[in-house]
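Notes for the one structure printed next.
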Amino acid sequence: IMKKIKHKNALITGASSGIGLEISKYLAKKGMNIVITARREENLRELKKQIENEYDVKVHMIAKDLSKKESPQEIYNFCKENMISIDFLVNNAGYGFVDEFEDYSNPELDDFLNVLLNSLVKLTHLFLKDMKQNEFGRILQVSSVAGLIPSGSGAIGIYGNIKSFINEFTITLNSTYKKSNIHVCSLCPGFTETGFNARAGFKINYSDVPSFLLMDSKEVAKQGVEATLSNKEVYIVKGGFNRTAVFLTKLFPK
């Protein structure tokens, strides 16, 4: 598999920080040319420079806000215009809500759904068609253990429900397109040290989080890429707490 992906092209959304940044570096280390996209152009430039200095790969960047409904098509168009055929798609962009569901405006809900759900479905749809034609494709959907356990109350429930959809979407895509040598993996990490929580509005001091709960974004990235290359479907990030929590929820009513 290593030989198969070397010199191929990967696209990573939400690449400017956290898990997306680490996935970008890990794929570059494996010899893949990459396209990085996120809202923050300055962060993308810094990452592009870092990767190009460290690895012998090509890096393209495109600053796009996935809360805008036209962004997925613009990202796809950018790749076509630059003659970049995407072999490995990573849908990583996301953030969370902390207040009650009824407290959000419709525009805020639009942004949230566009980033977490609509852009993932659209980008998968756009690039999968090319992958099918090329008879090769790997897609990594960054989900969450929140998609495997009861979702709770408030807006956080929407987050878990979306991640649950992503997991089921992954299973459907695999059964449909495996004959075209396309594999999709849904990665389910637990609480991970990233910029995700800050955007969501959480005031988190990571030093206060018990070590058995907190995951390292570099390790999550590595497990996600390797699970995808190993043809895993819904992959729960290794860690006793994650797997135990998911197991225990199966014993209780949703």
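For the range 124-151, enumerate the residues that are in contact with an Asp or Glu (Cβ under 9 Å, 6 or more places away or on another chain), open to solvent by less than 10 Å² (accessible area, probe 1.4 Å) and not in a helix (DSSP H, G or I).
Gly137
Considering (1) touching a Pro at 6+ places or on another chain (Cβ under 9 Å); (2) at pLDDT 85 or above, say which one Thr228 fails and leave the rest.
Status for Thr228: all satisfied but (1).
Just to be sure I understand the filter: pairs with C-beta atoms under 7 Å, separated by 6 or more residues or on different chains, first member in the range 40-57 and within 10 Å of Ser16 (Cα to Cα) and touching a residue at least 24 places away in the same chain (Cβ under 8 Å), second member part of a loop (DSSP other than H, G, I, E, B) and not basic (Lys, Arg). Which pairs pass?
Arg40/Ser16; Asn43/Ser16; Asn43/Ser17; Leu44/Ala15; Leu44/Ser16; Leu47/Ala15; Leu47/Ser16
Counting residues that are touching a helix residue (DSSP H, G or I) at 6+ places or on another chain (Cβ under 6 Å) and open to solvent by less than 40 Å² (accessible area, probe 1.4 Å), which helices (runs of 4 or more DSSP H) fully inside the range 14-123 reach at least 1?
Of the helices (runs of 4 or more DSSP H) lying wholly inside the range 14-123, those with at least 1 residues that are touching a helix residue (DSSP H, G or I) at 6+ places or on another chain (Cβ under 6 Å) and open to solvent by less than 40 Å² (accessible area, probe 1.4 Å) span 18-29, 41-54, 71-81.
Answer with yes or no whether Tyr26 is among the hydroxyl-bearing types (Ser, Thr, Tyr), over 25 Å from Asn161 (Cβ atoms) and within 16 Å of the chain's Cα centre (by Cα).
Numbers: among the hydroxyl-bearing types (Ser, Thr, Tyr): yes; over 25 Å from Asn161 (Cβ atoms): yes; within 16 Å of the chain's Cα centre (by Cα): yes.
Yes: the conditions hold for Tyr26.
What are the residues in the range 1-13 that are assigned to a helix (DSSP H, G or I) and either open to solvent by 20 Å² or more (accessible area, probe 1.4 Å) or hydroxyl-bearing (Ser, Thr, Tyr) (or both), if any? Steps first, answer last, please.
First pass over the range 1-13, keeping only residues assigned to a helix (DSSP H, G or I): 2-5.
Those that are assigned to a helix (DSSP H, G or I) and either open to solvent by 20 Å² or more (accessible area, probe 1.4 Å) or hydroxyl-bearing (Ser, Thr, Tyr) (or both): Met2, Lys3, Lys4.
Look through Asn82, Asn77, Asn92 and report the one residue that is without any contact (Cβ under 8 Å) to a residue 24 or more places away in the chain, out of contact with any His (no Cβ under 7 Å at 6 or more places or on another chain) and not aliphatic (A, V, I, L, M).
The unique qualifying residue is Asn77.
The values are calculated or read from the model by the stated rules, or taken from the named source; none is laboratory data. These figures come from a predicted structure and were not determined experimentally. Positions of Cβ are generated from backbone atoms using ideal geometry, with glycine treated the same way; all protein chains shown enter the neighbour counts. Please note that ligands, DNA and RNA were not included when accessible areas were found on the heavy atoms of the full protein model with its side chains. Shrake-Rupley method; radii C 1.70, N 1.55, O 1.52, S 1.80 Å.
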